[in-house]
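Working notes, structure below.
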Amino acid sequence: MTLKDLTKPWAAFNYGFLDESAKRELRRKMLKAVAVPGYQVPYASREVPMARGWGTGGLQATLTLLKPTSVVKVIDQGADDSVNAVSIRKFFARVGGAVETEDTQKATIIQSRHRIPEEKLREDQILVLQVPDPEPLRAVQPDMSIAREMHGDADYGQLWLVLYEQLVKSGRIIQGSSYPSMVNGRYVISPSPIPRWDVKKLHQADHLTILSAGREKRIYAVPPYTNVEPLVFDDVPYRVEDHQDKTCYRSNVTGFFMNELPQDDGSSRHELSDSHFGVKQIRRNEGEAVEIAKTWYNNGRMD
Amino acid sequence: MSLSILPTADDSRTNAIFEELIWALSRPGLLRTMPAGGFTAIAESLLDRECTFHVLGDRVLDGESAGDLERDLAATGARRADLAQADYVFAALRSAQAVDDLSRLRIGTLAYPDEAATVFTPANFGTGQQLRLSGPGIRDSVTITVGGIDASFWQMRAKAIRYPLGFDLYLVDGDDVVGIPRSTKVEVL
Amino acid sequence: MAYVATRGGEHAIEQAERLYRDDLGTIGKDRVDAIRISLPYLVDRLMGEASLYEPDLAALALAQTGGDLYEAVLLLRAYRTTQPRIAVAEPVKQPDLFTLRRISAAFKDIPGGQILGPTLDYSHRLLQVGVLMGEDYVPAPVTAAAEPAPATQPSLAAWQKTQGLIADHKSEAVAPDDIPDLTREPLLFPAPRAHKLQSLARADTGGTLALGYSTMRGYGSVHPTVNELRLAEAPVRIHHPRGTLFSAGSVRVSQAEIISKAAVLELGFSATFGWNEVKVIAAASLDLASSQPDAHAASTEEFVLYHTEPVESSGFCIHFKLPHYVTFQSTLDAFRGVKADRAAAAAAKAAKPQTRQEEAAL
């Protein structure tokens, strides 16, 4: 045997950038994440050609799933053309030969930062959420080792206390995004900083969601048809953002999550946060035959 | 700089097998078909020197077929380990004795429930025991028929799992695979 | 299509990168060579933080990023992760190191001698402004010692152990292949010794100094003394698949032992690629401080190792430039809700007394 036998022919990078050993590790960890919904599985999280905090966790999950026939949609804050989303999507095409799309319905893998599309995902689609901070207990326990013990004991009393304090002080729960949610009745997760509007889309969904934090080196999952319940008190119902009556000034559509755009005169305008959903609505308004899938919310409500 | 945008045959095969495995585990009870079959192909997509394995019984898990599973698993670089320490367990579960032997497998700890075994076992789909599965990944419930596994196994599984502690299971019939994670409730009908 | 036109992300990011690269101009081999030759200590610092020993690649990374050190570390780390691991080198012991500089502050003289080697420690830090007027700054020639120092030096800690001054921890016999590897496993706590030293070896120099300095100043119970500091060339010996042990070259390394003057003498240790004295002294102090019972919050293992990771910390810091308007919107909604509730409550309260007044008026 020679040293050469131990290696492969030289290539600048592997298919999908990650080497086989990195992919195998991610495969093993993703399967464990699926097997124990909501539990944060530690993984090595290799460096990738993007800065930590810029979607490296989502990137590694997607790269592991990627094949040349994958159709990939990448969104940041709901927008496909947000600069970092563009950069990530280009990377998938560059190292994986993947087909790029902006259409939620056409995608096989959707990697997203901070939003879940308004169109309902199907069971053949995988949602990969980028996670900056996977630890819902961080605010009450910055020490990760202790937080891990608390998860082990399902010791979430302090989280309830935080929510209760908000109620007492402010009259309502003021947790904005990253709303702590109980998965399969066992683990509390941070659903990543998606708005409260989107958390309900994880509950008993048709699709698989992988949540991956590259910098913090944790991966967790919400399988399809799994309970995801925001922590709430029996007598204080969960409230999504008050966007049900807002109308998008571009597409004239009402009842979805909106971006608020401050105006010079002191007022605000609103536009759909899910940018391609907006594009499709506009095209439809202009008479094009555009296929828009069922949406999670109808008339601003979710069943 | 030239970037490789075409997967090699190895890349494609291991990727496709993983896709079936994650699909199967995300939807317990759903039968998935792998492009290339068998335990060796599964091992190739998951195992390497960073994990350990254990084989209970063999002659490619009593299919008495050609090949040498132990050797194939070791070829991935993964290390043989005692059952109580092994990450991946390949076991034929045709007898009550085999099921009893398996009961020493690792089920993880409360801090690290992922440090639990994944079991791959040969099975026959379509004949044998009727099982009703429910839990994450399953809308309401699903019923499957599985043969080639000793009846005592399901009781042993129920006893071993103290969720989130437990083990994750793949039933393998040739190229077909069904996943049953520890989160799945199994009722023997 | 009006929706997309207002953003134009794709064009914008491409041009932004071009602007950056335009400032740096064409990068050729000459520039890379010049960086490697003229900035060896910067190249060393980078190789240490990247945990990749390859001076040419490190110089290239500096050229490509215009010297933005965090960007350069990321470039090298991202390159490193894609490389196959074909062998694990044999462990190197202190007496194996080709030592160019080795000093101890704990003793006046030590077996093997104090060897100053190359250092600016005792130089006067005067800027040679003449160079800018066209006068070359030519280094004065080195006068060779009458008797050259031996190429290798014994371990001072070994002497201290035989004297019973410091505990002789049994070294664990771990096969090279089984040594825990931080680049392939997540860092979990309590961290294996190997992970801790690896993490410190590739820690950010500035971050390590900041935390190390805080323990040196008194945020911690360690009173550090440099037991031994070495700059050396470490031989890299690996086993050929046929079994022969052979030399694959050498790498510049620094290592420091810090000894505490507390109740018992204890050692902290750090080693890294390249010559970087500040980092190994600070890191060895942190190694020692974080091993103390009830370590100060800023010198616990978890705190130190998490917050000195250069790629993670710098990446997270700059990620705040990314848009966060969805999360902001979500928070805004909650605050407006609270405000509306209060306004409604105040209105209700204001309405009540008024009714009473009306009653009174009747």
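The values are calculated or read from the model by the stated rules, or taken from the named source; none is laboratory data. This one's a predicted model, so the numbers in the text were calculated from it and none came from an experiment. Positions of Cβ are generated from backbone atoms using ideal geometry, with glycine treated the same way; all protein chains shown enter the neighbour counts.
General observations
- Flag if A:T2 is within 14 Å of chain C (Cβ to nearest Cβ), modelled with pLDDT of 95 or more and out of contact with any Asp or Glu (no Cβ under 8 Å at 6 or more places or on another chain): no
- Failed condition for A:F277, given (1) at pLDDT 95 or above; (2) more than 14 Å from chain B (Cβ to nearest Cβ); (3) in a strand (DSSP E or B): (3)
- Test result for B:A74, without any contact (Cβ under 8 Å) to a residue 60 or more places away in the chain, in contact with a Cys (Cβ under 8 Å, 6 or more places away or on another chain) and not acidic (D, E): no
- Every residue from segment C:80-132 that is out of contact with any helix residue (DSSP H, G or I) (no Cβ under 9 Å at 6 or more places or on another chain) and aromatic (F, W, Y): C:F98, C:Y122
- The strands (runs of 3 or more DSSP E) falling completely within segment A:191-272 that include 3 or more residues that are among the hydrophobic types (A, V, I, L, M, F, W, C) map to A:208-213, A:218-222.
- Checklist (1) more than 20 Å from B:F39 (Cα to Cα); (2) among the small types (G, A, S); (3) at pLDDT 95 or above applied to B:A116, failing item: (1)
- Unique match (being closer than 26 Å to C:F303 by Cα and not assigned by TED's automatic domain parsing to the domain that holds C:P40) among C:G243, C:G249, C:G218: C:G218
- Members of segment A:93-106 that are more than 9 Å from every other protein chain (Cβ to nearest Cβ) and surrounded by fewer than 24 Cβ atoms within 10 Å (Cβ to Cβ): A:V99, A:E100, A:T101, A:D103, A:Q105, A:K106
- B:D176 being surrounded by fewer than 21 Cβ atoms within 10 Å (Cβ to Cβ), of a type in the set (D, E, K, R) and either within 11 Å of chain A (Cβ to nearest Cβ) or closer than 26 Å to B:E50 by Cβ (or both): no
- Within segment C:47-66, residues that are β-branched (V, I, T) reach partners that are crowded, with 24+ Cβ neighbours inside 10 Å with beta carbons closer than 9 Å, at six or more positions or on different chains, in the pairs C:T65/C:A72; C:T65/C:L74.
- Top-ranked residue in segment A:46-78 [being in contact (Cβ under 8 Å) with a residue 12 or more places away in the chain, among the small types (G, A, S) and within 7 Å of chain C (Cβ to nearest Cβ); ranked as surrounded by the most Cβ atoms within 10 Å (Cβ to Cβ)]: A:G78
- Only residues that are among the charged types (D, E, K, R) and more than 11 Å from chain A (Cβ to nearest Cβ) were counted across segment B:14-41, and they come to 2.
- Within segment A:235-256, not a single residue is out of contact with any Asp or Glu (no Cβ under 6 Å at 6 or more places or on another chain), within 14 Å of chain B (Cβ to nearest Cβ) and without any contact (Cβ under 8 Å) to a residue 60 or more places away in the chain.
- Restricting attention to segment C:39-94, the residues that are among the hydroxyl-bearing types (S, T, Y) and not in a helix (DSSP H, G or I) total 4.
- Residue satisfying condition, being among the polar types (S, T, N, Q) and in contact with a strand residue (DSSP E or B) (Cβ under 7 Å, 6 or more places away or on another chain), within set C:T119, C:T162, C:T143: C:T119
- When A:I146, A:I116 are checked against the criterion of being of a type in the set (V, I, T), assigned to a loop (DSSP other than H, G, I, E, B) and not assigned by TED's automatic domain parsing to the domain that holds A:G255, a single residue qualifies: A:I116.
- On the stretch given as segment C:212-249, residues that are part of a helix (DSSP H, G or I) and under 23 Å from C:V43 (Cα atoms) total 1.
- Residues satisfying the stated conditions in segment B:80-126, i.e. of a type in the set (S, T, Y) and within 16 Å of the chain's Cα centre (by Cα): B:Y88, B:S103, B:T118, B:T121
- Enumerated helices (runs of 4 or more DSSP H) restricted to segment B:5-75, each holding at least 2 residues that are modelled with pLDDT of 95 or more: B:9-26, B:38-46
- As a summary of the residue check, A:Y39 satisfies the conditions (1) of a type in the set (S, T, Y); (2) closer than 26 Å to B:R106 by Cα; (3) facing chain C (nearest Cβ under 8 Å); (4) in contact with a helix residue (DSSP H, G or I) (Cβ under 8 Å, 6 or more places away or on another chain) except for the one numbered (3).
- Any hit, segment A:164-180, residues being within 14 Å of chain B (Cβ to nearest Cβ) and more than 15 Å from the chain's Cα centre (by Cα): no
- Scanning segment C:150-202 for residues that are surrounded by 15 or more Cβ atoms within 10 Å (Cβ to Cβ) and acidic (D, E) yields C:D181, C:E185.
- Filtering C:D33, C:D56, C:D23 for residues that are at pLDDT 95 or above, touching a helix residue (DSSP H, G or I) at 6+ places or on another chain (Cβ under 8 Å) and farther than 29 Å from C:L182 by Cβ leaves a single hit, C:D33.
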